[in-house]
Amino acid sequence: MNDIYNNLTSIYGEAPVKEPARQLYFIEKCRNIIENEEKRLGRKLKKCVCTFGCQMNAHDSEKIEGMLGEMGYIDSKGEEDADFIIYNTCCVRENAENKVYGNLGMLKHYKKTNPNLKIALCGCMMQQESVIKTVKEKYSYVDLVFGTHNLYKLPELLYNCLSTGESNIEILSAHGDIVEDLPSVRHFKYKASVNIMYGCDNFCSYCIVPYVRGRERSRRPEDIINEIKALVDDGVVEVSLLGQNVNSYGKGLDCDINFAKLLRMVNDIPGILRIRFMTSHPKDLSDELIYAMRDCDKVCPHIHLPFQAGNDNILKRMNRKYTKEQYIALTEKLKKEVPGIAITTDIMVGFPGEYDVEDTLDIIRRVRFAGAFTFIYSKRTGTPAAVMEDQVDPDIVKKNFNSVLETLNPIIYEINKEKIGKTYKAMAEGVSDHDPELLTGRLEDNTLIHFKGSKESIGKITDVKITDCKTFYVLGEEI
Ligand code: SAH
Ligand code: SF4
Ligand code: F3S
């Protein structure tokens, strides 16, 4: 971590123009202010980073925590004892936004008890003009606002805020270059997420992500490989490669690379034991990728392959670019080439015009998913689906949503039940949150497991025999 300071000019000179040196300079400037505050208050300053979104957002939060940690902030117990609170927001569904507004209302109260408290908002929700307007009008006590394209500038923006005491809003409408090598922390010792690409170009007609995350761009393979090697040196044995659509990785780069090739390169890194990735879009899932999954011993036999809806007409209007039969054929090919593969998915219910879910139920029964995230369609202003006329009555949506769960959950349970009595490899991630006698981990196919085992096994892959199961996890014991 300290190496990255080598190219840093003195903090008393001019701010460097180039990144990441510029932000490292501002981290130092913030650190000076924070140290003075610590002396004045006779205690450390505390931070609270709250994540509202997906894995990509959670990974951004690790970067935010890394930068704040370098400035000298330590973790608070919760929002109530923090000196800096930042909400990393999501806007994929309306309820994600409502949660942010609800919590934000409460923070005003904390400002009264701690006048030094700084409140910041960032993430996807902030990329919408209407949200910025609302924040300015109703939540003027927020000190700092930035978006998804300038997350790396947090040190500079926070410095302006801390040194002037004035609030600061900076939202960029488009992305610039990818900024590498800023500090980051990890929430898990043995597993880590690595961004391989940013943004999305698919414009599914219901989805806000391409508008708030910008155009698709891939990181250079050497940057990804170097990051993973550094993680291995730091004790990581499992990596998750992240992107909104990892299957189209490499487009636009000036080298001969695609996702299948990247997987093979990561598979060759000594010390890595497990490789996962998400999310895959069915339209870009090539045979080459399926063969890479088959051939690479460290790539886990699991794929998260959202299908959203089963009806061809609905899929067309969603702009998903595959049909029900094409999706099913793809899953059959995966099952044939990668024995024991677990297929998980995202399902959306209630898209405009979707009055019944018969085709969705048909896919669920034929593919037999090992798990699924299920969502009720939420209208997102600015997307093509928001202005479609045939929005579905909420009572019909609720009924259809229940049919989806009633079909899905027994299948997930059956798949888990088939594991009872068999032996699998589990990665022991730590002690279970619910029972200190048990360890928690994941099987190769991503099934969650709680098992009796030695604490010495934490961070290692160990053999476990499955003894029982519930719908969303299995139970077992180390053998
Ligand atoms: N890039 C990923 C998904 C990102 S968003 C992919 O395409 O697979 C995660 C999930 O949120 C989506 O798969 C979809 O099921 C759901 N989602 C996206 N927009 C939504 C909306 N407007 N209403 C409800 N669910 C939505
Ligand atoms: Fe949204 Fe579709 Fe992109 Fe996924 S692929 S982020 S659902 S637009
Ligand atoms: Fe993720 Fe939500 Fe943004 S799903 S990409 S945090 S809108």
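Residues that are surrounded by 14 or more Cβ atoms within 10 Å (Cβ to Cβ) and under 21 Å from the mean Cα position of the chain (by Cα) are absent from the stretch 451-460 altogether. Candidates are the residues of the stretch 194-204 that are near ligand 3 (Cβ under 10 Å from one of its atoms) and of a type outside the set (Gly, Ala, Ser); the one that is most open to solvent (accessible area, probe 1.4 Å) is Tyr198.
Residues that are in contact with a strand residue (DSSP E or B) (Cβ under 9 Å, 6 or more places away or on another chain), open to solvent by 40 Å² or more (accessible area, probe 1.4 Å) and of a type in the set (D, E, K, R) within the stretch 21-51 comprise Lys44, Lys46, listed in sequence order. Listed by first and then second residue, the pairs linking a residue in the stretch 336-352 that is within 16 Å of ligand 3 (Cβ to nearest atom) and modelled with pLDDT of 95 or more to a residue that is charged (D, E, K, R) and not in a helix (DSSP H, G or I), with Cβ atoms under 9 Å apart and 6 or more places separating them unless they lie on different chains, are Met348/Glu354. Listed by first and then second residue, the pairs linking a residue in the stretch 287-311 that is within 16 Å of Glu332 (Cβ to Cβ) to a residue that is small (Gly, Ala, Ser) and assigned to a helix (DSSP H, G or I), with Cβ atoms under 7 Å apart and 6 or more places separating them unless they lie on different chains, are Leu289/Ala260.
Of everything listed in (1) in contact with a helix residue (DSSP H, G or I) (Cβ under 8 Å, 6 or more places away or on another chain); (2) open to solvent by 30 Å² or more (accessible area, probe 1.4 Å), the single unmet condition for Gly421 is (1).
Here His187 passes the criteria (1) touching a residue at least 60 places away in the same chain (Cβ under 8 Å); (2) in a helix (DSSP H, G or I); (3) within 18 Å of the chain's Cα centre (by Cα) except the one numbered (2). Quick check on the stretch 276-284. Is at least one of its residues among the hydroxyl-bearing types (Ser, Thr, Tyr), away from ligand 1 (no atom under 16 Å from the Cβ) and either open to solvent by 10 Å² or more (accessible area, probe 1.4 Å) or within 23 Å of Thr462 (Cβ to Cβ) (or both)? No, the stretch 276-284 has no match at all. In the stretch 76-94, is there at least one residue being more than 18 Å from Tyr159 (Cα to Cα), open to solvent by 60 Å² or more (accessible area, probe 1.4 Å) and hydroxyl-bearing (Ser, Thr, Tyr)? No, the stretch 76-94 contains no residue that is more than 18 Å from Tyr159 (Cα to Cα), open to solvent by 60 Å² or more (accessible area, probe 1.4 Å) and hydroxyl-bearing (Ser, Thr, Tyr).
Scanning the stretch 101-145 for residues that are within 16 Å of ligand 1 (Cβ to nearest atom) and assigned to a helix (DSSP H, G or I) gives Cys124, Met125, Gln127, Ser130, Val131.
Scanning the stretch 285-327 for residues that are of a type in the set (S, T, N, Q) and within 15 Å of Phe351 (Cβ to Cβ) yields Gln308, Asn311, Asn313, Asn319.
The residues of the stretch 205-222 that are away from ligand 3 (no atom under 16 Å from the Cβ) and in a helix (DSSP H, G or I), listed by number, are Pro221, Glu222.
Looking across the stretch 52-72 at every residue that is modelled with pLDDT of 95 or more and assigned to a loop (DSSP other than H, G, I, E, B), the one that is most open to solvent (accessible area, probe 1.4 Å) is identified as Phe52.
Consider the stretch 424-450 and keep the residues that are in contact with an Asp or Glu (Cβ under 9 Å, 6 or more places away or on another chain) and more than 23 Å from Asp297 (Cβ to Cβ). The one that is least open to solvent (accessible area, probe 1.4 Å) is Leu439. Among the residues of the stretch 364-410, those that are closer than 13 Å to Phe351 by Cβ, open to solvent by 60 Å² or more (accessible area, probe 1.4 Å) and under 28 Å from the mean Cα position of the chain (by Cα) comprise Ile376, Lys379, Pro384. Scanning the stretch 205-254 for residues that are open to solvent by 10 Å² or more (accessible area, probe 1.4 Å), without any contact (Cβ under 8 Å) to a residue 60 or more places away in the chain and within 14 Å of ligand 2 (Cβ to nearest atom) yields Arg215, Glu216, Arg217, Asn247, Lys251.
When you check Thr471 against the structure, is it of a type in the set (Ser, Thr, Tyr), under 23 Å from Thr344 (Cβ atoms) and assigned to a loop (DSSP other than H, G, I, E, B), yes or no? Spelling it out, Thr471 is indeed of a type in the set (Ser, Thr, Tyr), under 23 Å from Thr344 (Cβ atoms) and assigned to a loop (DSSP other than H, G, I, E, B).
Conditions tested, residue by residue: (1) under 29 Å from Lys283 (Cβ atoms); (2) assigned by TED's automatic domain parsing to the domain that holds Val92; (3) acidic (Asp, Glu).
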site	(1), (2), (3)
Tyr141	no, yes, no
Asn160	no, yes, no
Phe203	yes, no, no
Tyr206	yes, no, no
Gly214	yes, no, no
Arg217	yes, no, no
Glu222	yes, no, yes
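The values are calculated or read from the model by the stated rules, or taken from the named source; none is laboratory data. In this text the structure is predicted, and so the values were computed from the model without any measurement. For neighbour counting, all protein chains shown are included, and Cβ atoms are generated from backbone atoms with ideal geometry for every residue, glycine included. Note: accessible area is taken over every heavy atom of the protein model, side chains too, but ligands, DNA and RNA are not part of it. Shrake-Rupley method; radii C 1.70, N 1.55, O 1.52, S 1.80 Å.
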